[in-house]
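A.B. asks: The structure follows.
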Amino acid sequence: MSTNHDISTAPAKPPIWNDPVYRGIFFQVLVLGAVVLFGLYIFNNTAENLERQGIASGFGFMNTTAGFGIITHLVEYTEESSYGRAFLVGLLNTLLVSAVGVVLATLIGLLVGIARLSKNLLVSGIATVYIEVIRNIPLLLQIFFWYFAVLRSVPAPKNSIALLDTFFLNNRGLYSPAPMPQPGFMWIVIALIVAIVGIIIMRNWAHKRQERTGQPFHTFYVSLAILIGLPALAAIITGLPLAWEYPVLKGFNFQGGLVMIPEFVALLLALSIYTGAFIAEIVRAGILSVSHGQTEAASALGLRNNITLRLVVLPQALRVIIPPLTSQYLNLVKNSSLAAAIAYPELVSIFAGTVLNQTGQAVEVILITMGVYLTISLTISLFMNWYNKKMALVER
Amino acid sequence: MMKRSAIAFSAITATMATAGVVQATTLEDVKAKGFVQCGVSQGLPGFSNFDDKGNWTGVDVDVCRAVAAAVFGDATKVKYTPLSAKERFTALQSGEIDVLSRNTTWTQTRDTALGLNFTGVNYYDGQGFMVRKDLGVKSALELSGAAVCTNTGTTTELNLADYFRANSMDYKVVAFEKADEVVAAYDAGRCDVYTTDQSGLYAQRIKLKEPDAHMVLPEVISKEPLGPVTRHGDDEWFDIVKWTLNCMLNSEEMGVTSANVGDMAGSDNPGIKRLLGSEGDAGKNLGLDPGWCEAIVTQVGNYGESFAANLGPETPLKIERGLNALWTQGGIQYAPPIR
Ligand SMILES: N[C@@H](CCC(=O)N[C@@H](CS)C(=O)NCC(=O)O)C(=O)O
């Protein structure tokens, strides 16, 4: 009874220092101020200490000659290149192993996740053992395991395993011929781009048509035909202007061709097998989250099994799968920095390792490295969030 | 309310203004905590190595122990921080360790831009190459096209690049962070060549599966003066570490050993008197006790003794004195006089 009365006659406005709104703002400003001051304090202190010890600072070192060699680089690099260039080499190597790792880990995860749900006891048993074993052994140990397993199981260069005298496998890497584009090769690349654009247009058209008329279209096969057909046609017309550089054994090692070094292979295996085990569990959980009624309803409508999986189960499972999958991808990228232990020259080993040590500019180098990982992580998150939105249930 | 926050604010600004000004010296710090924190390797026989009895031994470790003997009169007051080549300078710059004594080459960049002070040279070294004998290589100039294993964060990887470039030879460098991984990869056949300081080659060769199947090539491709390091900004501590090493060298030169130091204390030789503190102010000048050097020789030994016990012909490394003999015996070890 009395509460009614209270509401009707609103209480008098409290004085400003007792007003919860103003109080809230006041304390937030206070905390923010303290955080900013603390930041300034750390900054000042660092600058002062560096100054007192006479340690060089600033980002000028990025233009200094690096002077050390790097075993694999996706861009031109020599000992005369700058530290900035070495940074780029490390960054690209990180991106390479991460990108391939993400694809492999997803494939492994998908296969094993589905296998674990199999009604075949042997298949689901193997999947279970794989997941339990791999998830419970520290990644660093697995990296060492694969590295030395790879090194010990292949012969020295003189006794390389050869395939058709073009591919060679030894403990220095897997060598294959390197494509050397000749003039005119551009046309094949252009044909490929045209093919991709064409496929996108065709899919849109097929989608619209199906919405209008209910007629499905064989998008997959037509896409495949365009993707292979157009560049192949261009290749035939231009007479395939592509030469190959073959690896040959000269002295101690093979020279020429493309080489995949054991460090890369070991790191890739370790990262994708490890992350794959976690993804498998995520996939399993995702599939289980789609109620069985959906599958039954689909087959009652006469949909075939693979269509049910592709159009009914998977889209719904993906909504559960994508968010945790994102964090697995982020983990994989960050874990790639363990490569420092086995000499794969990625960002942390080249930049936060060698460059930091040669220049002594720890603060700058670590700041840049953190910035890079943050950017990669945020990019992956943004992409996955976008994909997640796209996959979300659209109510009609 | 406002008043209280104003007080908090001025307190924060006050701390900002004073921090960094009040800074204890390294000597005060070391005395307060009661031990010297010494940065060493993760295991390099003869230099700094954790032996099977659980003790740290080696010539670099002896420098740590000598500093503790000079400061505390007790060589056991040392704690060790094993560091990879890559970690060592950051550890010293940030104050995690007081001295770095870890087969570290004295270079211009490290001495200046990295904010470090080299206190002398306790081992004159040079970089070499090791290969399997069955490779049939007799000279480093035959190594074009080779895969080379080494450590990151070292002068080694820079010299390697310089040498192959200067001789227009190709190479592939496989650079690991930890020395044990370099050894394991080289042993597993990942590389044709293992390169590091020559002393390091002899030390690491012991760890290979068949040490006798490997040989060190004759070429020495660089100058590697290895010595203890302190950070910029504390001259007093720099002096202490520098003169610790000089005490060991001068003792050897004057024939003072751990066995005879007791008798030598009664010597009439003015040089020995100054060394052992019965005459002059050597200790006081360093802010230490007069018996600082006597404590070093008694508990650690002179330079020659330390070398013989850890690297010499009686040890598995079997390294001759060579360049590291005293200047009076054909080497280049030459310490400034104590006076
Ligand atoms: N003297 C060189 C190289 C020093 C170095 O780290 N050498 C390696 C190979 S012998 C080493 O000491 N490893 C032992 C360890 O990492 O514990 C330098 O100062 O850069």
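The values are calculated or read from the model by the stated rules, or taken from the named source; none is laboratory data. The structure displayed is predicted, hence computed values, not measured ones. Here the Cβ positions follow ideal geometry from the backbone for every residue, glycine too, while neighbour counts run over all protein chains shown. Quick note on the areas: whole protein, heavy atoms, side chains included, nothing else; ligands and nucleic acids left out. Shrake-Rupley method; radii C 1.70, N 1.55, O 1.52, S 1.80 Å.
A.B. asks: Using only DSSP helix segments of four residues or longer, with each worth -39500 (n - 2.57), what per-residue ellipticity at 222 nm results for chain B after dividing by its residue count and rounding to 500?
C.D. replies: -11000 deg cm²/dmol
A.B. asks: What's the buried accessible area, both sides, between A and B using a 1.4 Å probe, rounded to 100 Å²?
C.D. replies: Chain pair A/B: roughly 4000 Å² of buried accessible area.
A.B. asks: Taking the Cβ of B:Val300 as the centre, find all other residues whose Cβ is under 13 Å away and add up their charges (Lys, Arg: +1; Asp, Glu: -1).
C.D. replies: Overall, the nearby charge balance is -4.
A.B. asks: Then there's this: Rounding to the nearest 20 debye, state how big the charge dipole of the stretch B:196-305 is about its Cα centre with +1 on each Lys and Arg Cβ and -1 on each Asp and Glu Cβ.
C.D. replies: Computed charge dipole of the stretch B:196-305: roughly 300 debye.
A.B. asks: Right, here's the next one. Accessible area of the protein assembly as shown with a 1.4 Å probe: how many percent of it is carbon plus sulfur?
C.D. replies: 63 percent
A.B. asks: Of all alpha-carbon pairs in the stretch A:323-396, indicate the percentage at a distance above 14 angstrom.
C.D. replies: The proportion of pairs with Cα distances above 14 Å equals 68 percent.
A.B. asks: Could I ask something else about it? What distance in nm separates the simple spin-label points at A:Phe59 and B:Ala24, each placed 7 Å from Cα in the Cβ direction?
C.D. replies: With each label point 7 Å from Cα toward Cβ, the separation is 3.9 nm.
A.B. asks: Looking at the calculated P(r) for the stretch A:143-272, what percent of the C-alpha pair distances fall above 21 Å?
C.D. replies: For the stretch A:143-272, the share of Cα pairs beyond 21 Å comes to 62 percent.
A.B. asks: What is the calculated FRET efficiency for A:Lys334 to B:Thr109, with r their C-beta to C-beta distance and R₀ = 30 Å, to the nearest 0.05?
C.D. replies: 0.45
A.B. asks: Charges at C-beta only: +1 for Lys and Arg, -1 for Asp and Glu. How large is the resulting dipole of the protein assembly as shown about its Cα centre, in Debye rounded to 20?
C.D. replies: Dipole magnitude for the protein assembly as shown comes out near 3580 debye.
A.B. asks: To continue, here is another question. Hey, can you list the residues from the stretch A:150-175 whose accessible area shrinks by 20 Å² or more with all protein chains present, relative to the chain by itself (probe 1.4 Å, no ligands or nucleic acids)?
C.D. replies: For the stretch A:150-175, once contacts with the other chains are taken into account, A:Leu151, A:Arg152, A:Asn171, A:Arg172 lose 20 Å² or more.
A.B. asks: When Cβ neighbours within 10 Å are restricted to other protein chains, what is their mean count per residue of peptide A:337-350?
C.D. replies: Going residue by residue through A:337-350 and averaging, the value is 3.
A.B. asks: Can you say what percent of the DSSP beta bridges in the protein assembly as shown, counting only those with both residues inside, are antiparallel? Round to 5.
C.D. replies: Rounded to the nearest five, the antiparallel share is 70 percent.
A.B. asks: Still on this structure, please answer the following. Which log10 I(q)/I(0) values does chain B give at q = 0.10, 0.11, 0.13 Å⁻¹ under the Debye formula, counting every alpha carbon as one identical point scatterer?
C.D. replies: Debye output, listed in q order: -0.64, -0.75, -0.97.
A.B. asks: What is the ratio of the Cα radius of gyration of the stretch B:29-181 to 2.2 N^0.38 Å, where N is its residue count, to two decimals?
C.D. replies: Relative to the 2.2 N^0.38 Å estimate, the stretch B:29-181 comes out at 1.20.
A.B. asks: Still on this structure, I have one more. Hey, what number do you get for chain A at 222 nm if only DSSP H runs of n ≥ 4 count, each worth -39500 (n - 2.57), divided across all residues, to the nearest 500?
C.D. replies: -21500 deg cm²/dmol
A.B. asks: Give me a comma-separated list of calculated 3J(HN,Hα) values for the stretch B:193-207, in order, Karplus coefficients 6.51, -1.76, 1.60 applied at θ = phi - 60°, integers in Hz, x for any Gly or Pro.
C.D. replies: These are the phi-based 3J(HN,Hα) values: 10, 10, 10, 6, 4, 4, 4, x, 4, 4, 5, 6, 4, 4, 7 Hz.
A.B. asks: Using alpha carbon coordinates only, what is the Rg to Rh ratio of the stretch A:128-172, with Rh defined as the Kirkwood radius?
C.D. replies: Dividing the radius of gyration by the Kirkwood radius yields 1.20.
A.B. asks: While we're looking at this one, here's another question. Could you give the length gained by full extension between A:Val31 and A:Trp244, i.e. 0.36 nm per residue of separation minus their alpha carbon distance, to one decimal place?
C.D. replies: Length difference between fully extended and current span is 70.3 nm.
A.B. asks: Mind listing the phi-derived Karplus ³J(HN,Hα) values for the stretch B:117-122, rounded to whole Hz, using 6.51, -1.76 and 1.60 with θ = phi - 60°, and x for any glycine or proline?
C.D. replies: Values per residue, Gly and Pro as x: 10, 8, 8, x, 10, 9 Hz.
A.B. asks: Roughly how many Å² is the accessible area per residue of the stretch A:70-178, as a whole number, for a 1.4 Å probe?
C.D. replies: 51 Å²
A.B. asks: Obtain the nm distance between the two label points defined at A:Asn18 and B:Asn285 by a simple spin-label model: each point lies 7 Å from its Cα along the Cα-to-C-beta direction.
C.D. replies: Calculated label separation equals 7.6 nm.
A.B. asks: Taking R0 as 22 Å, what FRET efficiency do you get between A:Leu367 and A:Met260 from their Cβ-Cβ distance, rounded to the nearest 0.05?
C.D. replies: 0.10
A.B. asks: Output the Kirkwood hydrodynamic radius of the stretch A:46-107, Cα pairs only, in Å rounded to one decimal.
C.D. replies: 14.0 Å
A.B. asks: Something else about it: Obtain the nm distance between the two label points defined at A:His292 and A:Arg319 by a simple spin-label model: each point lies 7 Å from its Cα along the Cα-to-C-beta direction.
C.D. replies: 2.2 nm
A.B. asks: Determine the alpha carbon to alpha carbon distance for each of A:Lys334/B:Lys172; B:Lys242/B:Lys318; B:Lys138/B:Lys242; B:Lys33/B:Lys284; B:Lys284/B:Lys318; A:Lys208/A:Lys389 and list only those over 29 Å.
C.D. replies: B:Lys138/B:Lys242; B:Lys284/B:Lys318
A.B. asks: When DSSP beta bridges are limited to those with both residues in the stretch B:71-207, what percentage is antiparallel, rounded to the nearest 5?
C.D. replies: Expressed as a percentage, antiparallel bridges in the stretch B:71-207 total about 40.
A.B. asks: Taking the Cα atoms of the protein assembly as shown, report the difference between the largest and smallest coordinate on each principal axis, in whole Å and largest first.
C.D. replies: 115, 94, 53
A.B. asks: Over the stretch B:127-222, with the other protein chains present, what is the accessible area per residue in square angstrom, probe 1.4 angstrom?
C.D. replies: Result: 35 Å² per residue.
A.B. asks: A follow-up question, please. Sum up the charges of everything whose Cβ sits under 12 Å from the Cβ of A:Ser336, counting Lys and Arg as +1 and Asp and Glu as -1, but leave A:Ser336 out.
C.D. replies: Summing Lys and Arg as +1 and Asp and Glu as -1 gives -1.
A.B. asks: Further question: Is there a simple number for the mean count of other chain Cβ atoms within 10 Å of the Cβ of residues in A:47-59, and what is it?
C.D. replies: Shielding by partners across A:47-59 averages 5.
A.B. asks: Same structure again: Could you give the dipole magnitude of chain B about its Cα centre, charging the beta-carbon of Lys and Arg +1 and that of Asp and Glu -1, in debye to the nearest 20?
C.D. replies: 820 debye
A.B. asks: Does chain A classify as rounded, prolate or oblate by the C-alpha gyration tensor (a ≥ b ≥ c root eigenvalues; a/c under 1.5 gives rounded; else a/b over b/c gives prolate, otherwise oblate)?
C.D. replies: Since a/c reaches 1.5 but b/c is at least a/b, the shape of chain A is classed as oblate.
A.B. asks: Roughly how compact is the stretch B:127-222, stated as its Cα Rg over 2.2 N^0.38 Å to two decimals?
C.D. replies: 0.95
A.B. asks: Continuing with the same structure: Among B:Tyr303, B:Tyr80, B:Tyr171, which one moves the most in a GNM of chain B with springs linking Cα atoms closer than 10 Å?
C.D. replies: Between B:Tyr303, B:Tyr80, B:Tyr171, it is B:Tyr171 that shows the largest mean-square fluctuation.
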